[in-house]
Amino acid sequence: MLTRELIARLPKAELHVHLDGSLRPETLIELSRAAKAPLPSSDPGDIRRFMRVDHAHNLEEFLKKFDTTIAVLQTPEAIERVAYAITSATSRCATVLTSARRAASPSTRPSRPSCAGSGVVSRTSA
Ligand SMILES: [Zn+2]
């Protein structure tokens, strides 16, 4: 019988996750300080609400939130930190393969992210 417990234990693959869309509020706050990219608040709850998109009128409006995360993902150390956090989180859910990517134009000037960016693939043991 297929139960929630069985599903939780089954190996999984995360085939498409964006680094720039997967930062925890606490991480975003810390990286924003290091990158000197100010946020509207230093409270994780405020940042969670700030980053949430409930009523985007179009894709451009939805993707505008990536400007904030792209601004802090400008160093190899910041990118490595977020990639590690993603693979750590997915491995706790029995994910054995994670393919993460970042925006195609990750310059210091925020731009529209796309799926054509560089990727990070991580394999973890089951
Ligand atoms: Zn994508």
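Just rank THR68, THR3, fewest to most, by other beta-carbon atoms within 10 angstrom.
Ordered from fewest to most neighbouring Cβ atoms within 10 Å, THR68, THR3 come out as THR3, THR68.
Ranking request for peptides 22-28, 4-10, 53-59: highest mean number of other beta-carbon atoms within 10 Å first, then the rest in descending order.
22-28, 4-10, 53-59
Hey, can you rank 35-45, 73-83 by average C-beta count inside 10 Å, highest first?
73-83, 35-45
Write down the Kirkwood hydrodynamic radius of region 1-82, to one decimal in angstroms, obtained as one divided by the mean of 1/r over all alpha carbon pairs.
14.6 Å
The numbers here are math on the coordinates, done by the rules we state, and not lab data. Computed from a prediction, not measured in an experiment: that's the story for all the values here. So basically every Cβ, Gly included, is an ideal-geometry build from the backbone, and we count neighbours across all protein chains shown.
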